[in-house]
1. Mind telling me which of 108, 91, 25 comes out most flexible in a GNM of the chain, alpha-carbon contacts under 10 Å?
2. Can you give me the angle between helix 126-140 and the longest principal axis of the chain, using Cα atoms only, in degrees from 0 to 90, rounded to the nearest 10?
3. Kirkwood Rh over alpha-carbon pairs of the chain, then Stokes-Einstein at 10 °C and 1.306 mPa s: what D in µm² s⁻¹, rounded to an integer?
4. Can you tell me the relative contact order of the chain? Whole percent, Cα pairs under 8 Å, sequence separation 6 or more.
5. At residue 130 and residue 26, where each label point lies 7 Å from the Cα along Cα→Cβ, what is the point-to-point distance in nanometres?
6. Using only the Cα atoms of the range 1-95, what semi-axes does the equivalent ellipsoid have when each is the square root of 5 times a gyration tensor eigenvalue? Give whole Å, largest first.
């Protein structure tokens, strides 16, 4: 589903903005420093629960504010909101109900970002590349998140067993399908 409205409050250099979005195509243009990338980052934060640019939550919040607020509505009528305060606490809601996982946000607003630092994944380790591929597959096949979580849990269990120097009998179920 596409977004039809976006409201931004106290996000980076944007104090307040209310934008009506077209469900098919939106063109973003403006002078350097006018907030184009911040607009895209706000969309990504609302869709994923984290920023593609910043690790520190304080840099996301406008310097004169205690919290940032993002709100969007999609073509299906769903209302998505996210609030992040100076302490790092994040509250995301879908239709006024608390959103407990980032995957709930992603189901409503699938989003994959490509930006100037994207080529760093070529030089980064395989874990970074795997993460990007996992996120892309998740948007195409929504059941993938369950399989991914099961795989990660199984891998942790197997690695914990390997650290205990198991016998061949203990290791066999984890090694051979």
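1. Highest fluctuation of the listed residues: 25.
2. That helix lies at roughly 70 degrees to the long axis.
3. Answer, rounded: 86 µm²/s.
4. Once divided by the residue count of the chain, the mean separation gives 18 percent.
5. 3.4
6. 20, 17, 11
Only the coordinates and a few stated rules stand behind these numbers; no lab work does. Computed from a predicted model, the values in this text were never measured in an experiment. Cβ: placed from backbone, ideal geometry, glycine included. Neighbour counts: every protein chain shown.
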